[in-house]
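Structure, as structure tokens:
The values are calculated or read from the model by the stated rules, or taken from the named source; none is laboratory data. From a predicted model like this one, the values you see are computed outputs, not experimental measurements. We place every Cβ from the backbone using ideal geometry, glycine too, and count neighbours over all the protein chains shown. Areas reflect the complete protein model, heavy atoms only, side chains present, ligands, DNA and RNA absent. Shrake-Rupley method; radii C 1.70, N 1.55, O 1.52, S 1.80 Å.
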Amino acid sequence: MLKISKLITLCCILFVVACHEQPAPQNNERSERSKMLIANMKLARDPHTWSKPNDARVTHLHWTASVDFKSKVITATAKYDIQNISGTDLIIFDTKGLQVSATKVDGQPVQFNMGEDKPIIGQSLNIPIKADSKSVEIDYKTSPDAEALLWVEGEKPFLFTQSQAILARTWVPCQDSPGVRITYHADVTVPSDLMALMSAENPQQKSADGKYHFEMDQPIPSYLMALAVGDVVFREIGPRTGVYAIPSLADAAASEFSDMQTMVDEAEKLYGPYVWGRYDLLILPPAFPFGGMENPKLTFATPTIIAGDKSLVSLVAHELAHSWSGNLVTNSTWDDFWLNEGFTVYFEQRIMEAVYGRERSEMLATLSRQDLDATIADISSSEHPEDSKLKLALEGRSPDDGMTDIAYNKGYFFLRLIEETVGREKFDKFLKEYFTSHQFQVMDTETFLDYLRKNLVDAETEKKINIQAWVYEPGLPSNIPSVQSAQLETVDKIRLNWENKKVLIANIPWNNWSYQERYRFISNFSEDVTAADLSDMDRAFDISHTGNNEVLFAWLQQSILKKYEPAYPELEKFLVHVGRRKFVAPLFESMISSGQIELAKNIYTKARPNYHAVTIGTVDEMLAGK
Ligand code: BES
Ligand code: ZN
């Protein structure tokens, strides 16, 4: 084993050296080489998969599928190229709710068996193989309530998947662990009036017959497999960028995200070439449970970021940044989630600074700190105070439990502290090298820290940063970098004066404020602010009808807490329409914590049928037993 791992290290070193000393390889050549390197790499134990990729591993998928909106079922064949690494007699896949009907090995039918069905991780699919087996074929159907899938009804129906963290197994049998990378090709049949898109090279027009072919020739983990089917059109933004949306949103989307190409260019200047070919954006129905999802080549995004003034485009910077942090260098298991998200928030801020200036990125950082403080307070009084460590221990729990602001914003501030300690120039050089030398590989916290110590941080600097406390201890170390936003400080002063009746509503410069300033103002109301105060503000600025969904969210949350009932019709409308968990969960939580359970239940009855399983799971749990 030791020998193999040494060999792999050597290969990696050679690979890195090769990348530096030869003319830059073409994308294909590069991915071929890295594919060979990663295919045998020994992976860490992942408690959220049944598969044993160190014994037998998939390397390439040919997926043939047909999408039926009537029955809400995908009928498919997953044909995998495999590698039997240890000479095992079994290859194991993850499945959840899949109906497997037949399996073949090297074209010959074989008898499979299904393991025990467990609540979070689902069921293993075990297929007998030989030492020299090369391919496995699985015929199956998805269940109509497959958790990754949302079938949105309407004049034109829409289907989208959300695979992260471990939901890919509900629509494709796979080795559903972030360390296992595959390339894939797909042939998908959909109703002929709809377009199909995947995390792959995509069409820009509908096909006549509803048949689509996809190729993803760079190896990706299963959580980045994605499919969407809907009545969308494409709008070009730059030479390598564009946006897909339903026809009625296409123009608004194209102008909202017109800076996307600049973002890609700036990102490349920072941390090296964008290796995925095109970077496109797909605007999903409002039921999408996240703000964005970094599916390679095609970010999936909520329509709630279309504000009309580009004020929420940092989300695109974030998902774009994942093209390096996450999609190129991938967290080894969900315990290392901060390596995906913390790095991405850091990179997102740098893109925002490059495109829109430091003042804007510092406002964002100030809001990140505000969110982080709230999350730390929540977690430290919860059942799992250890969840505020960067390095998580999620065995036996849903990986979702670890997907908090800690990974994002504690991760961000840790990296910012390193930057401020060693200086930006050195840190940028280090990060660029880190992404290049580990591309298409997994990373765990310990390997990253070793790499950091070898390449950037000496013992003395390490002490100053206090890496141990940041990564392995709960809470926030006292050396957290301070963020300066003069604009948000002014907002805080105005808010205090207004609360103390020293400033009249008419003197609040609301109409000159950016989204970040408005959000800051509303989200920090003290105990003393009353429903009558909200009523006055609403009369002055009509906040209940703002077109900015972040501001509306903060406003609705305050309306609940202060029992400002005139906003409740808007609250209901918002919750029935929007399924983004980041908005939905805190709003229901606020109704519950302020004793308005009946209101919560009434609204949830109407809203729940529109939500994705990810959001339903969270809200069901909140309302259980109430
Ligand atoms: N990869 C995440 C979304 C995610 C995380 C899905 C964990 C499932 C499990 C994505 O990059 C993300 O972080 N989205 C954020 C937006 C971002 C600007 C912080 C979101 O959806 O709110
Ligand atoms: Zn992210």
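If you check E348 against the conditions, is it over 20 Å from L167 (Cα atoms), away from ligand 1 (no atom under 14 Å from the Cβ) and out of contact with any strand residue (DSSP E or B) (no Cβ under 8 Å at 6 or more places or on another chain)? Spell out how you get there, then give the answer.
Details: over 20 Å from L167 (Cα atoms): yes; away from ligand 1 (no atom under 14 Å from the Cβ): no; out of contact with any strand residue (DSSP E or B) (no Cβ under 8 Å at 6 or more places or on another chain): yes.
The answer is no for E348.
Could we say that A354 is near ligand 1 (Cβ under 10 Å from one of its atoms) and closer than 21 Å to P239 by Cα here?
Details: near ligand 1 (Cβ under 10 Å from one of its atoms): no; closer than 21 Å to P239 by Cα: yes.
In short, no.
Please find, within the stretch 376-405, the residue that is surrounded by the fewest Cβ atoms within 10 Å (Cβ to Cβ) out of those that are assigned to a helix (DSSP H, G or I), under 20 Å from the mean Cα position of the chain (by Cα) and away from ligand 2 (no atom under 15 Å from the Cβ). Steps first, answer last, please.
If we filter the stretch 376-405 for residues that are assigned to a helix (DSSP H, G or I), which is where we start, we get 376-380, 385-388, 399-402, 405.
Filter once more, keeping what is under 20 Å from the mean Cα position of the chain (by Cα): 387-388, 399-402, 405.
Add one more test, that the residue is away from ligand 2 (no atom under 15 Å from the Cβ), and what stays is 387-388, 401.
Values: D387: 21, S388: 23, D401: 14.
Filtering first and then ranking leaves D401.
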Give the residues of the stretch 327-348 that are open to solvent by less than 10 Å² (accessible area, probe 1.4 Å), more than 12 Å from ligand 2 (Cβ to nearest atom) and assigned to a helix (DSSP H, G or I), sorted by residue number. W334, D336
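Assigned by TED's automatic domain parsing to the domain that holds F413 and either more than 26 Å from the chain's Cα centre (by Cα) or among the small types (G, A, S) (or both): does that describe T447?
Details: assigned by TED's automatic domain parsing to the domain that holds F413: yes; either more than 26 Å from the chain's Cα centre (by Cα) or among the small types (G, A, S) (or both): no.
No; evaluated as a whole, the condition is false for this residue.
So how many residues does the stretch 388-404 have that are charged (D, E, K, R), within 12 Å of W334 (Cβ to Cβ) and in contact (Cβ under 8 Å) with a residue 40 or more places away in the chain?
Count: 4.
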Can you tell me which of (1) over 22 Å from L449 (Cα atoms); (2) within 15 Å of ligand 2 (Cβ to nearest atom); (3) touching a strand residue (DSSP E or B) at 6+ places or on another chain (Cβ under 8 Å) is the one A317 doesn't meet? (3)
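Mind telling me which of the residues K502, K573 ends up being open to solvent by 30 Å² or more (accessible area, probe 1.4 Å) and under 27 Å from R369 (Cβ atoms)? Give the derivation first.
Values: K573 fails: under 27 Å from R369 (Cβ atoms).
Checking each option against the conditions leaves just K502.
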If I ask for residues that are among the polar types (S, T, N, Q) and more than 25 Å from G579 (Cβ to Cβ), which ones from the stretch 256-307 would you list? S258, Q261, T262
Give me a count of the residues in the stretch 303-314 that are more than 13 Å from ligand 2 (Cβ to nearest atom) and either crowded, with 24+ Cβ neighbours inside 10 Å or in a helix (DSSP H, G or I) (or both). 3
Across the stretch 136-167, what is the total count of residues that are touching a helix residue (DSSP H, G or I) at 6+ places or on another chain (Cβ under 8 Å), acidic (D, E) and buried (at least 19 other Cβ atoms within 10 Å of the Cβ)? 1
When you look at L561, is it in contact with a Ser or Thr (Cβ under 7 Å, 6 or more places away or on another chain), open to solvent by 40 Å² or more (accessible area, probe 1.4 Å) and within 26 Å of D405 (Cα to Cα), yes or no? yes
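Would you be able to tell me the number of residues in the stretch 427-446 that are outside any loop (DSSP other than H, G, I, E, B), surrounded by 16 or more Cβ atoms within 10 Å (Cβ to Cβ) and in contact (Cβ under 8 Å) with a residue 60 or more places away in the chain?
So the first thing to find is which residues in the stretch 427-446 are outside any loop (DSSP other than H, G, I, E, B), and the list is 427-437, 441-443, 445-446.
With the extra rule that they be surrounded by 16 or more Cβ atoms within 10 Å (Cβ to Cβ), the set shrinks to 427, 430-431, 433-437, 441-443, 445.
Retained after the next criterion (residues that are in contact (Cβ under 8 Å) with a residue 60 or more places away in the chain): 431, 434-437, 441-443, 445.
Number of matching residues: 9.
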Could you go through the stretch 530-545 and let me know if any residue there is open to solvent by less than 40 Å² (accessible area, probe 1.4 Å) and not in a helix (DSSP H, G or I). no
Among (1) within 13 Å of ligand 1 (Cβ to nearest atom); (2) in contact (Cβ under 8 Å) with a residue 40 or more places away in the chain; (3) closer than 19 Å to M195 by Cα, there is one condition Y279 misses while meeting the rest; what is its number? (1)
Give the residues of the stretch 60-111 that are in a strand (DSSP E or B) and in contact with an Asp or Glu (Cβ under 6 Å, 6 or more places away or on another chain), sorted by residue number. H60, T64, T77, K79, D94, S101, A102, K104
Of the criteria (1) in contact (Cβ under 8 Å) with a residue 40 or more places away in the chain; (2) surrounded by fewer than 22 Cβ atoms within 10 Å (Cβ to Cβ), which one A254 fails: (1)
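Looking at P296, P273, P285, which one is within 16 Å of ligand 2 (Cβ to nearest atom) and in a loop (DSSP other than H, G, I, E, B)? Lay out the reasoning, then the answer.
On the way: P273 fails: within 16 Å of ligand 2 (Cβ to nearest atom); P285 fails: within 16 Å of ligand 2 (Cβ to nearest atom).
Result: P296 is the single residue among P296, P273, P285 that is within 16 Å of ligand 2 (Cβ to nearest atom) and in a loop (DSSP other than H, G, I, E, B).
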